[in-house]
Number of protein chains: 2
Amino acid sequence: MSTRLRPSNHPGRNRPDAGSALAQRFRTWQAAAFDMTLCPVRDVLDRVGDKWTTLMLIALTTGPMRFGALNRAVPDISKRMLTQSLRVLERDGMISRQVFPTKPPSVEYRLTPLGQSILEPLIQLVTWAEVRHADIRTARERFDAAAKADAA
Amino acid sequence: MSTRLRPSNHPGRNRPDAGSALAQRFRTWQAAAFDMTLCPVRDVLDRVGDKWTTLMLIALTTGPMRFGALNRAVPDISKRMLTQSLRVLERDGMISRQVFPTKPPSVEYRLTPLGQSILEPLIQLVTWAEVRHADIRTARERFDAAAKADAA
DNA sequence: CAGCATCCGTGCGGATACTG
DNA sequence: CAGTATCCGCACGGATGCTG
């Protein structure tokens, strides 16, 4: 699903850009990273965005956990989705699965180095979320109020 | 949908934790941030995870864009989803909408300071994605190969 | 040009029951 | 305990057609 940004449309009449270093970085991106046939952005964002995987990674930061423990640590997740999400994370190399041949059997999941490494950028994002959450909520109230005013 | 992590189950027999500073931060989280009735994590992750909003924010880093330009900059997005995503982002205060009363009308979208501010953590995540993408892909091949082996 | 309205297929994910 | 199997609703999102 080629979800890449086009390098630069409007060849001759480029708008004066924001000028920030950030915009600059993103512009190089548009020419480089997004040209890949299967861009890593969508790839990782699909994981981060899905309903459970991020919560599970966070839960596993406290140490290895058994299936049942994870099920309790992430409330409201069904066994079905837990299993499914665990498989995805295992497949991506984010967590490892270790089976103990006891009876009844027990299975322990733990973060791999790769799984650990994503927590760093992830925590940045969540920190942002914490800090800016109030702003977002007030923005929404504003918007909704304005929308209601327009309706009247 | 109370998507918060439980503070700490298994009171008496806590596993020896990974010991990293990161795990420590996350543990304080579990007690604090996730106790909120509507946790900001899920809130922001829902946005980041959805199919288009992140791409749109990235596209807007190069400067203000018209509806049509955005539609071209983010290939494969339909007008329907573009409109819908723009509304969500506007509602959250991430972008602002400016209508020019020309005919035919033109509308320009631009990042707000709030919208700018999320790019910093976002770029961290995507940088991670770029760096680790190869690892993930090889992990997947491994896993799939092993799965096929088990099937046989 | 910028968008809303409508129809519709697909897949995510919940609930339930069963197994080694 | 740690899953698998099956059914199913519903929201996400694509395609198309119509407006100011």
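Read-outs: derived from the displayed coordinates by stated rules, not from any lab. Keep in mind that what you see is a predicted model, and the values were worked out from it rather than measured. Using ideal geometry, Cβ is built from the backbone for each residue, glycine included, and neighbour counts are taken over all protein chains shown.
Summarising the amide proton neighbourhood of A:I95: residues at separation of 5 or more, or on other chains, whose placed amide H is nearer than 5 Å comprise A:E90, A:T112. Averaged over the residues of A:53-63, the number of partner chain Cβ atoms lying within 10 Å of the residue Cβ comes to 6. For A:K51, the lysines whose Cα falls under 27 Å of its own Cα, not counting residues fewer than eight places away in the same chain, are A:K79, B:K51, B:K79. Peptide A:114-127 has a mean of 6 when you count, residue by residue, the C-beta atoms of other protein chains within 10 Å of its C-beta. One residue of chain A places its C-beta nearer than any other to the axis carrying A onto B; that residue and its whole-Å distance are A:G49, 1. Label-to-label distance for A:R137 and A:D46 is 3.4 nm, based on points extended 7 Å past Cα in the beta-carbon direction. Taking every residue in A:77-85 and counting other chain Cβ atoms within 10 Å of its Cβ, the average works out to 0.
Across region B:67-83, computed HN-Hα scalar couplings (Karplus, 6.51 cos²θ - 1.76 cosθ + 1.60, θ = phi - 60°) run 4, x, 5, 4, 4, 7, 5, 10, x, 6, 8, 8, 4, 4, 5, 4, 4 Hz from first to last residue, x flagging Gly and Pro.
Only counting other Cβ atoms within 10 Å, I'd like A:T28, B:T54 sorted with the fewest neighbours first. Each step should come with its number before you reach the end.
On the way: A:T28 9, B:T54 23.
Starting with the residue having the fewest Cβ neighbours, the order is A:T28, B:T54.
Starting from the label point of A:K103 at 7 Å along Cα→Cβ, the same points in the other copies fall at 8.4 nm, in ascending order.
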